[in-house]
Amino acid sequence: MGSTEDHGTGSVQKTDGEAQAVQQPGTNRASAEYIISRIANIQYHQSPVLSHKTFCEILLDNGFCVTGESAPADPANFNEAFGRKLAYDNAFRHLWPLFGFLICEDRYHDNAA
């Protein structure tokens, strides 16, 4: 999928831009662009118990899945589109450390060889 469609609120891109600004030359980092390129599918679901709660499932191309959720404190404030954006951001934030782990693992194996 690697969708460039903006599923989130823009905070992921802002965080990525800030990280890029302080990245030292010659170093590796997990970029939002790369992570997005690995997304195979995105699904949204409303909770059957709390109709104002939104779940987002992000499936990666290797079959790994992360989930995110959102819900307003007051159900009267529920907005489906905004709930999806917040749930996506929440799910996407679970991906940063996983892709960071891959960078560290590659560096470890490169230094061990």
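Taking segment 63-79 as the search range and keeping residues that are under 15 Å from GLY8 (Cβ atoms) and of a type outside the set (Val, Ile, Thr), which one is surrounded by the fewest Cβ atoms within 10 Å (Cβ to Cβ)?
Per the stated criteria, the residue is ASN79.
Rundown of residues vs (1) more than 17 Å from the chain's Cα centre (by Cα); (2) in contact (Cβ under 8 Å) with a residue 12 or more places away in the chain, yes/no style:
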position: VAL49; (1), (2): yes, no
position: HIS52; (1), (2): yes, yes
position: LEU60; (1), (2): no, yes
position: PHE64; (1), (2): no, yes
position: GLY68; (1), (2): no, yes
position: ALA71; (1), (2): yes, yes
position: ASN79; (1), (2): yes, no
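Consider only pairs whose beta carbons are under 9 Å apart and that are at least six residues apart or on different chains; among these, list those whose first residue lies in segment 88-107 and is in contact (Cβ under 8 Å) with a residue 12 or more places away in the chain and farther than 18 Å from LYS53 by Cβ and whose second residue is among the aromatic types (Phe, Trp, Tyr) and surrounded by 12 or more Cβ atoms within 10 Å (Cβ to Cβ).
LEU98/PHE64; PHE99/TYR34
If I go through segment 71-107 residue by residue, how many of them are over 14 Å from ILE42 (Cβ atoms), of a type outside the set (A, V, I, L, M) and in contact with a helix residue (DSSP H, G or I) (Cβ under 8 Å, 6 or more places away or on another chain)?
Residues in segment 71-107 being over 14 Å from ILE42 (Cβ atoms), of a type outside the set (A, V, I, L, M) and in contact with a helix residue (DSSP H, G or I) (Cβ under 8 Å, 6 or more places away or on another chain): 4 in total.
Taking the condition of being over 25 Å from GLY100 (Cα atoms) and among the aromatic types (Phe, Trp, Tyr), how many residues in segment 28-72 meet it?
Residues in segment 28-72 being over 25 Å from GLY100 (Cα atoms) and among the aromatic types (Phe, Trp, Tyr): 1 in total.
Run down LEU50, LEU98, LEU86, LEU60 and say which single residue is out of contact with any Ser or Thr (no Cβ under 7 Å at 6 or more places or on another chain) and buried (at least 17 other Cβ atoms within 10 Å of the Cβ).
Residue meeting the stated conditions: LEU60.
Would you tally the residues in segment 22-45 being touching a residue at least 12 places away in the same chain (Cβ under 8 Å) and either touching an Asp or Glu at 6+ places or on another chain (Cβ under 8 Å) or of a type outside the set (Val, Ile, Thr) (or both)? First the steps, then the outcome.
At the first step, the residues of segment 22-45 found to be touching a residue at least 12 places away in the same chain (Cβ under 8 Å) are 28-45.
From the residues that got through so far, the ones that are either touching an Asp or Glu at 6+ places or on another chain (Cβ under 8 Å) or of a type outside the set (Val, Ile, Thr) (or both) too are 28-34, 37-45.
Counting residues in segment 22-45 that are touching a residue at least 12 places away in the same chain (Cβ under 8 Å) and either touching an Asp or Glu at 6+ places or on another chain (Cβ under 8 Å) or of a type outside the set (Val, Ile, Thr) (or both) gives 16.
Here, each number is a calculation from the coordinates, and none is a lab measurement. Because the structure is predicted, anything quoted here is derived from the model rather than measured. In this analysis, Cβ positions are derived from the backbone assuming ideal geometry, glycine residues included, and neighbour counts consider all displayed protein chains.
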